[in-house]
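Have a look at the structure below, then the notes.
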Amino acid sequence: MVKRVVKKNGDELFPLGLGTMRLPTKNNSIDRELAQEYILHAIDSGINYIDTAYTYHGGESESFLGEILSLKDEKGVKYRDRIKLSTKLPSWMLRSSEDMGAFLNEQLRKLQTDCIDYYYIHSIDLTTLLRLKDLGIYEFLEKARAEGKIKNIGFSYHGAPNEFNMAIDDFNWDMVLIQYNYLDVNAQAGIRGIKYAYEKDIAVFIMEPLKGGILAGELPKELDDLFKGTDSSRSSVDWALSWVFNQKEITCVLSGMGSLSQIKENMAIATRVEVGSLSNEELEMIKKAQGIFNSMIEISCTGCGYCLPCPKGVNIPDCFKIYNDKYLFNKKAFGPISNALVNYYVVVGGITNKQSSAGLCNHCGRCRSLCPQSIDIPNELDSVKSEFERFMFNYQIKFINNIAMPSINKISKFFDFFKHF
């Protein structure tokens with residue numbers, strides 16, 4: 001396998017890393033059996049960089065990963081010794097230098113390790129970084145490195161493009177974690193920031209290469225026709241990941257793979273695509289795809305979930321996904337049989353579980369400050385509500401739950417009774 005080198009320390013990393021923000025779940029918790037199977041499979045297949053964070057899966061991710069990495073392979077080698085491990089210090093939860101040490105020590109304990117290979121300040125912009133600088137973040141990180149608790153120091157960026165270079169220049173960073181895909185070429189740090197970091201020998205790690213799954217799976221017909229017309233054998237995931245792997249500035253791409261099939265597909269792409277391997281024709285085709293997608297998408301949400309939990313119980317990512325799907329795939333909200341409307345009622349309307357629809361929002365604004373994409377979430381939720389919650393929406397939900405569904409169940413049981421004769 002062709003590996004990429006971290007210039008400042010010589011680490012050789014497989015270009016695909018495993019992100020653990022979207023582990024498979026069961027009953028609102030990590031599906032431990034399934035997640036263990038696919039994490040170990042990823043390592044055995046050649047992935048040697050795994051990323052987590054203090055807040056992933058409600059704080060469960062680090063502890064779970066620590067348990068998995070303490071296991072031994074067939075040769076008696078701990079899985080922890082076969083990979084580079086990264087996690088993140090939650091910037092928004094820091095109020096003093098003492099907090100920094102407390103979080104790091106807790107993370108070391110949860111991860112069952114003496115040292116974290118790649119340690120990020122999580123989700124910063126320039127204002128956040130300067131606030132933490134006043135609290136002594138740089139001194140803390142250097143001290144932690146001197147004590148052997150961490151090896152490499154970086155940050156994940158969610159700020160404005162014009163401030164990224166200033167953040168880079170403020171400290172001797174080893175790496176940076178940036179959202180980047182063929183739709184987010186100029187968002188946040190963007191390609192200019194990536195090139196700037198690369199020129200300074202700072203390793204560039206990529207998150208959201210599939211934009212929270214938007215660039216995977218079903219695509220709008222116009223895009224699907226464009227890709228298939230170029231090469232019908234390649235999937236939308238293949239095109240999206242290949243575009244990122246193709247670039248020399250990228251050290252490692254983190255993909256939140258949630259199944260063995262996804263790991264196998266992504267591994268095959270990462271193994272095949274080398275720097276500069278895409279043709280000019282293929283790159284021009286992806287430029288056309290960028291234009292098509294950007295003209296169709298309504299809300300630039302990646303589904304990261306940083307905005308959750310909502311105090312009013314709104315499932316913000318799912319509300320936005322259903323809304324985007326309506327426009328991306330021309331699913332009219334009020335057709336005779338509308339997938340978009342049905343999805344909204346079933347997923348967030350309260351038919352199959354507790355109601356979490358956009359109409360519950362009271363504009364408290366908590367989510368707005370937490371969103372890495374700087375989306376005006378309350379106002380966008382108003383748009384979702386206007387689109388889907390018409391014609392006495394809450395009364396419809398009550399009718400379906402209290403009258404329609406019980407009646408359907410009774411009719412179903414009636415016919416099931418006669419099946420025995």
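The values are calculated or read from the model by the stated rules, or taken from the named source; none is laboratory data. Since the structure is predicted, the reported quantities are computational estimates derived from the model, not experimental observations. Heads up, the Cβs are rebuilt from the backbone with ideal geometry, glycines too, and the neighbour counts pull from every protein chain shown. SASA here: full protein model, heavy atoms, side chains in, ligands and nucleic acids out. Shrake-Rupley method; radii C 1.70, N 1.55, O 1.52, S 1.80 Å.
Just wondering, is there one or more residues in segment 320-329 that are touching a residue at least 40 places away in the same chain (Cβ under 8 Å), in the same structural domain as ALA189 (by the TED database) and either open to solvent by 20 Å² or more (accessible area, probe 1.4 Å) or over 29 Å from CYS371 (Cβ atoms) (or both)? So far as segment 320-329 goes, no, none of its residues is touching a residue at least 40 places away in the same chain (Cβ under 8 Å), in the same structural domain as ALA189 (by the TED database) and either open to solvent by 20 Å² or more (accessible area, probe 1.4 Å) or over 29 Å from CYS371 (Cβ atoms) (or both).
Entry remark, segment 23-38: residues being open to solvent by 30 Å² or more (accessible area, probe 1.4 Å) and assigned to a strand (DSSP E or B) number 3 in total. The lone criterion from (1) touching a residue at least 40 places away in the same chain (Cβ under 8 Å); (2) in a loop (DSSP other than H, G, I, E, B) left unmet by GLY76 is number (1).
For GLY313, the stated conditions do not hold, so it cannot be described as modelled with pLDDT of 80 or more and closer than 10 Å to PHE388 by Cα. Figure legend. Inter-residue proximity from segment 191-204: first residues not assigned by the TED database to the domain that holds MET166, second residues open to solvent by less than 10 Å² (accessible area, probe 1.4 Å) and not in a helix (DSSP H, G or I), beta-carbon distance below 9 Å, spacing 6+ or different chains. No pairs are indicated. Residue count for segment 146-204, restricted to those that are over 16 Å from TYR119 (Cβ atoms) and assigned to a helix (DSSP H, G or I): 19.
In this structure, does GLN107 turn out to be assigned by the TED database to the domain that holds GLY58, touching a residue at least 24 places away in the same chain (Cβ under 8 Å), open to solvent by 40 Å² or more (accessible area, probe 1.4 Å) and within 14 Å of ILE150 (Cα to Cα)? Walk me through it before giving the result.
Details: assigned by the TED database to the domain that holds GLY58: yes; touching a residue at least 24 places away in the same chain (Cβ under 8 Å): yes; open to solvent by 40 Å² or more (accessible area, probe 1.4 Å): no; within 14 Å of ILE150 (Cα to Cα): yes.
No: the conditions fail for GLN107.
Considering segment 123-145, the residues that are outside any helix (DSSP H, G or I) and at pLDDT below 95 include one that is least open to solvent (accessible area, probe 1.4 Å), namely ILE124. Of all the listed residues (LYS287, LYS248), the sole one being basic (Lys, Arg), surrounded by fewer than 19 Cβ atoms within 10 Å (Cβ to Cβ) and under 30 Å from LYS8 (Cα atoms) is LYS248.
Going through segment 257-276 one residue at a time, which ones are in contact with a Lys or Arg (Cβ under 6 Å, 6 or more places away or on another chain) and open to solvent by 40 Å² or more (accessible area, probe 1.4 Å)?
As a first pass, look at segment 257-276 and keep what is in contact with a Lys or Arg (Cβ under 6 Å, 6 or more places away or on another chain): 258, 275.
The one that is in contact with a Lys or Arg (Cβ under 6 Å, 6 or more places away or on another chain) and open to solvent by 40 Å² or more (accessible area, probe 1.4 Å): VAL275.
Only one of the numbered conditions (1) within 23 Å of VAL176 (Cα to Cα); (2) open to solvent by 70 Å² or more (accessible area, probe 1.4 Å) is not met by GLU74, and that is (1).
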